[in-house]
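Student: Got a structure for you, questions after.
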Amino acid sequence: MNRAELADFLRRSRARLEPSDVGLPPGARRRTPGLRREEVAGLAGMSVDYYTRLEQSRGPRPSRQMLTALARALRLTDDERDHLFHLTGEEPPRRETVSRHVRPGLLLVLDRLHDTPAQVVTDCSEVLAQNAMARALVGDVMSRPPNERNLTRRFFLDPAARGLFPPEDRPDHARAHVSSLRAVVAARPDDPEPAALAAELRSSSAEFARLWDEHEVSSRHRSTKRFQHPVVGLLELDCEALLSHEHHQLLIVHTARPGTESYERLQLLRVVGLQDLAPSGVVREM
């Protein structure tokens with residue numbers, strides 16, 4: 001691990017970013033260019049002290065998971081991400097496999113969607129990034145442990161994860177999750193990840209196993225979803241899934257039709273979205 005080079009690379013990568021580049025408000029006037037250390041730490045989901053020590057050439061070797069989070073927080077390109085891994089003595093992720101590295105351009109689009117919930121997920125339903133409105137609508141998925149960021153796994157194994165959807169809509173959501181995963185398993189027969197997820201859920205959820213045996217297949221596409229938000233009430237939102245074929249990633253955007261009650265409630269959610277609106281113990285899920 002080259003601590004000095006790692007520290008220099010992190011400092012320079014942080015200095016070239018402005019708050020608007022990562023979807024943050026500008027705040028008070030800054031004495032130096034770039035993001036603050038606490039902002040990068042927050043985006044990466046690590047403590048400020050840990051990140052500070054990395055920039056001061058005295059931190060421990062980051063895990064591969066932490067390196068991926070840092071690459072995302074600093075909006076690194078694929079080449080820059082690989083360089084970050086090399087500086088810590090780690091082999092970069094293979095590029096021919098499904099990547100969890102969200103390209104800076106896609107993150108830029110995500111951050112520019114100030115008034116509508118949006119997030120980036122893999123085709124296996126693992127959340128990779130969220131904007132502020134998505135966190136306001138469904139909760140901060142990225143703050144959860146990595147094994148709790150998969151929407152399909154949580155839908156079937158965490159009863160609280162269904163709480164945002166009206167009860168009468170939940171069977172359709174279950175069927176959509178299963179049929180989408182079925183399509184991914186068939187499309188990627190040499191990739192163990194989707195098959196392992198399906199096997200896990202077949203053994204852990206009777207509902208999933210029953211739906212899996214029906215052999216329905218459907219990829220993600222445009223739909224309408226209803227969310228029962230604990231503060232602003234029922235939201236009926238159009239869902240658009242924009243697919244990046246190269247990286248098996250989707251940008252999922254939820255919008256409300258102008259003039260509807262859901263549109264007004266979505267505007268209210270934007271106003272109060274920075275607050276923690278979920279009652280204690282309630283898990284919000286997309």
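Student: In what order, largest first, do His83, His215, His254 sit by accessible area if the probe radius is 1.4 Å?
Tutor: Result, largest first: His215, His83, His254.
Student: If I take all pairs of Cα atoms in region 84-186, what percentage of them are more than 17 Å from each other?
Tutor: Roughly 63 percent, rounded to a whole number.
Student: May I ask which residue of His86, Leu35, Gln130 lies farthest towards the positive end of the charge dipole of region 1-135, with charges of +1 (Lys, Arg) and -1 (Asp, Glu) on Cβ and the Cα centre as origin?
Tutor: Farthest along the dipole direction, towards plus: Leu35.
Student: Ok, one more. When the chain is fully extended, how far beyond the present Cα-Cα distance does Asp78 get from Thr260, taking 0.36 nm per residue of separation?
Tutor: 61.4 nm
Student: Round to the nearest 10 and give me the degree value, 0 to 90, for the angle of helix 78-87's Cα axis relative to the longest principal axis of the chain.
Tutor: Computed tilt is about 60 degrees.
Student: Under a crude label model (7 Å from the Cα following the beta-carbon direction), how far is Arg11 from Leu268 in nanometres?
Tutor: 4.9 nm
Student: With every protein chain in place, what's the accessible area of Phe156 (1.4 Å probe, Å², nearest 10)?
Tutor: Taking all protein chains as shown, Phe156 has close to 20 Å².
Student: How large is the dipole of region 5-134 about the Cα centre if only Lys and Arg carry +1 and Asp and Glu carry -1, each at its Cβ, rounded to the nearest 20 debye?
Tutor: So the dipole magnitude of region 5-134 works out to roughly 480 debye.
Student: Further question: For helix 261-272, what angle does its Cα long axis make with the longest principal axis of the chain, in degrees from 0 to 90 and rounded to 10?
Tutor: 30 degrees
Student: Same structure again: If I build a Gaussian network model for the chain, linking alpha-carbon pairs within less than 10 angstrom, which residue out of Arg265, Arg58, Arg182 has the largest mean-square fluctuation?
Tutor: Its mean-square fluctuation being the largest, the pick is Arg58.
Student: Mind checking which of Ala174, Ala241, Ala186 has the largest fluctuation in a GNM of the chain, springs on alpha carbons under 10 Å?
Tutor: Ala186
Student: Related question: Taking region 158-216, which GluC sites (Glu not before Pro) meet the DSSP loop condition and have no more than 12 other C-beta atoms within 10 Å?
Tutor: Within region 158-216, the qualifying GluC sites (Glu not before Pro) (loop, at most 12 other Cβ atoms within 10 Å) are Glu214.
Student: Still on this structure, please answer the following. Tell me what the chain gives for mean residue ellipticity at 222 nm when only DSSP H runs of n ≥ 4 count, each as -39,500 (n - 2.57), the sum divided by the residue total, rounded to 500 deg cm²/dmol.
Tutor: Per the formula, -12500 deg cm²/dmol.
Student: Hey, another quick one. Given a 1.4 angstrom probe, what's the average accessible area per residue across the chain, in square angstrom?
Tutor: Working: 14060 Å² over 286 residues.
Result: 49 Å² per residue.
Student: OK, next. Based on the Cα coordinates of the chain, what is the per residue volume of their convex hull in Å³?
Tutor: Cα-based convex hull of the chain, divided per residue, equals 138 Å³.
Student: Kindly express, to the nearest 10 degrees and within the range 0 to 90, the angle between helix 170-187's C-alpha long axis and the longest C-alpha principal axis of the chain.
Tutor: For helix 170-187, the angle is close to 60 degrees.
Student: What is the sum of charges around Leu17, taking Lys and Arg as +1, Asp and Glu as -1, for the other residues whose C-beta is under 13 Å from the C-beta of Leu17?
Tutor: Numbers: positive: Arg11, Arg12, Arg14, Arg16, Arg30, Arg36, Arg37, Arg72, Arg75; negative: Glu18, Asp21, Glu39, Glu80, Asp111.
Every neighbour counted, the sum reads +4.
Student: Using a 1.4 angstrom probe on heavy atoms only, work out the carbon and sulfur share of the accessible area of the chain in %.
Tutor: Ligands and nucleic acids excluded, carbon and sulfur give 51 percent.
Student: Less than 18 Å from a label point 7 Å out along the Cα-to-Cβ axis of Arg112: which backbone N atoms in region 68-83 qualify, by residue?
Tutor: 75-77
The values are calculated or read from the model by the stated rules, or taken from the named source; none is laboratory data. Keep in mind it's a predicted model, so treat the numbers as computed, not measured. Cβ atoms come from the backbone with ideal geometry, glycine included; neighbour counts cover every protein chain shown. Protein only, heavy atoms only, side chains kept; ligands, DNA and RNA dropped before computing areas. Shrake-Rupley method; radii C 1.70, N 1.55, O 1.52, S 1.80 Å.
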